[in-house]
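Below is one structure, written out as structure tokens, with a few remarks after it.
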Amino acid sequence: MADLPMKDIREISLEAVRSIAGSQAGEAEVGIGLDSSDEPVYHITLQLDRGQQSILSSADRLQIRQKIRDALIEAGDERYPFVRFLSQDDWDARTRARSP
């Protein structure tokens, strides 16, 4: 299994969300964790500008997730990406909560 740098996973994620949400796509954060079977996975959080969160359909979200998964497999990385979407407001609230 390929060991891609986190910056590459972030870029793959941003490309996927931008291909669907366009300029409304914001930031991306990527972390590594374990699933319920103790297999390594990616935890990807994608930020969308105000109002865009509700515009993306379930099919759009699925397509973004699939694009990320396909790009990882193509790069030789079999880790599964768990992807969640946050609005700008939720992203900002989370950032404030992390600040000391």
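A short reminder: the numbers here are calculations on the coordinates, not readings from a lab. Computed from a predicted model, the values in this text were never measured in an experiment. Counting neighbours? That spans all protein chains shown, and the Cβs are built from the backbone with ideal geometry, glycine included.
For the reader, a short list of remarks on this structure follows.
- Residues in the stretch 9-47 that a label on Ala93 would reach, taking backbone N under 20 Å of a point 7 Å out along Cα→Cβ: 26-29, 44-47
- Once the C-beta distance of Ser57 and Glu27 is scaled by a Förster radius of 25 Å, the resulting FRET efficiency is 0.70 to the nearest 0.05.
- Here mean projected area of the Cα convex hull in nm² was calculated from the structure, and among (1) 6.9; (2) 6.1; (3) 7.3 it sits at label (1).
- Take the Cα of Glu74, step 7 Å toward its Cβ, do the same at Val41, and the gap between the two points is 2.4 nm.
- Of all DSSP-defined beta bridges confined to the chain, some 50% are antiparallel rather than parallel.
- With R₀ fixed at 25 Å, the C-beta to C-beta distance from Gln66 to Met1 puts the FRET efficiency at about 0.80.
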